[in-house]
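A short worksheet on the structure shown next.
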Amino acid sequence: MARLDRKGGVSRSAASGSQLKMALLGLVVLAAVLGMLNMAPASLHHELHSSHSRKELRQQTEGAVAAHERRTRLQEEAELEAADGLSATGDASLHADADPARTQTFKVQFDSADGTDADTSLDKAAAERAEQERAVKQQQEEAGKLADEVNTTPGEKYHVICSLGAGIYTQWQSRLAYYWYKKAKEECDRELGDKCQMGGYTRLLHSGGMDLWGDEIPTVVVSPLPAEYQQIAAGYVVLDRPYAFKQWVEKYIDTIPENYIWMGEPDHVFLHAPPLWATPDRPAAFPFFYIEPVKMKHIIDRFNPKQVPIDQFEKIGNSPVQIHKRQFAAIVDSWFKLSIAIKNDTEADREFGWVQEMYAYSIASATTLDKPIRYVLHVEMQLQPPWDKTLISENGRPAYMIHFTYGNDFNEKGEFTPGKVGFWHWDKRDWTSKYIPRNFPLPPEGCNNLAAIELVKRVNEAANHLENWDEYAGQLQTPAAPGDTPKEPQEQRRALAAAPAPLLHGARPEPRARR
């Protein structure tokens, strides 16, 4: 009989004993039933399974299968997420039925290298790109600052040196160039006085003898290329240029009072006097689109014994260049020797073509001294019509000079006709044995190329003011009427066979012979 506590209830010990007896009895009954099931025939198994009394057991079994399918599905989804590089959710409530070991495996798989659970690889890539963009922007800003800098050392000036050979072709160009140098210097002196940084002028004549214009233009005569080098040059007349400057350095560098030089050519017409950008260790130069050191690395490497990185080679030639005369003296011999070596190299001669002597100067600047000479690049140094169409350079600054190396062609409406001889045609190569005529017609009405128009105006002004021009001038042929075929002498058209192929979308042509 169960004991009662003081409040009349059944004691805890008695209740516990009773519950234990009932549990043992239940186990005995369950064991007996299971034994009967194992011994029952198939019909009994079917009856028991289909009876209402076993409905709850069937539901529990089906629920277990569904739970297994759910775990499998969650695991497959997690595997797909891992394959796609997605981060694990980490929410235990979404994986209540998942295997804890597999859950831990996915968690470890998505841990990042720094110990966090987030995948930061995309953030790191974005940060690297941002850093690269920042570095490029900083370089551009520094280049812009350098481009704005002018040498303000009191009394410092540059001396213009224009090298050329004998003959009518370079003769009329050099007279034109000196005329506009004087006009630019007069304007500079008038506006700036002693602060004008444009100094004197020398025509460096590498013909071996004085011509008729030594009294008109300050001239220094040096020797032409020696016979042994002329054989290598094989008609490449530009090799005379580095040899001429080499002689000037050896004989005449101390005869000029200026510390800096501006290397020019006969087909340069000054618009205004440029400032002095160069410093003793930082020269200035014009960047040429067709000088491509990276593209030509496989050739440049043969002339780069110091293995200077290719990005240290400037996209420049030797003209226009503004440089301290002592710094120039240190590389001029290397420039000459490299010019000969490149011409003597079959592949370099073929691939560099008519600008190989420009490549030689860039290579000499990068490889001669203990460290490469780096140049401040000034696109405003010069315009090259017809590809430049205004008097403002590509960087938005007023240009200081016109370089008339390309032909200019426009139809009767004044429309540019690149690669095709136009109704109106102007090309210095048409005038190799005669001076260009005075009062050359301006481009047709409708032409909006201000650089080409300004060039012809300046050629006409110089021709009309210089003495003895008519004695050497050729005859100007009147352009044909609209719709007619131009009828001009072969002498004026003979150079067109070497003209570049028709150009698309106004792209610049390949460089042509610099004669």
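Counting Lys +1, Arg +1, Asp -1, Glu -1, what net charge surrounds His206 among other residues with beta carbon under 11 Å of its beta carbon? Around His206, the surrounding residues sum to +2. Placing dummy labels 7 Å off each Cα toward the beta-carbon, the span from Asp349 to Glu415 is 4.4 nm. Applying the Karplus relation 6.51 cos²θ - 1.76 cosθ + 1.60 with θ = phi - 60° to segment 219-224 yields 3J(HN,Hα) values of 10, 10, 9, 10, 7, x Hz, where x marks Gly and Pro. What is the calculated FRET efficiency for Asp215 to Thr152, with r their C-beta to C-beta distance and R₀ = 45 Å, to the nearest 0.05? According to the calculation, E is roughly 0.80. Annotated for segment 388-438: lysine pairs at least 8 residues apart or interchain, Cα distance under 19 Å, count 4. Beyond 21 Å in Cα-Cα separation lie the following of the pairs Lys195/Lys251; Lys246/Lys295; Lys185/Lys457: Lys195/Lys251; Lys246/Lys295.
Computed from the C-alpha gyration tensor, the three semi-axes of the ellipsoid equivalent to segment 146-381 are 28, 23, 15 Å, from longest to shortest. Spacing of the modelled spin labels on Lys295 and Gln477, each 7 Å from Cα toward Cβ, amounts to 3.4 nm. Between Glu445 and Leu369, the modelled labels are 5.6 nm apart [label points 7 Å from Cα along Cα→Cβ].
One Cα centroid belongs to segment 367-441, the other to segment 333-357; the line between them spans 25 Å. The phi-based Karplus calculation (6.51 cos²θ - 1.76 cosθ + 1.60; θ = phi - 60°) puts the 3J(HN,Hα) values of segment 420-435 at 9, 5, x, 4, 10, 9, 9, 8, 4, 6, 6, 10, 8, 10, 9, 5 Hz, whole numbers, x for Gly and Pro.
All of the numbers you see were taken from the coordinates with simple rules; none came from a lab. Only a predicted model underlies this, so the values are computations on that prediction, with no experimental measurement involved. Cβ: placed from backbone, ideal geometry, glycine included. Neighbour counts: every protein chain shown.
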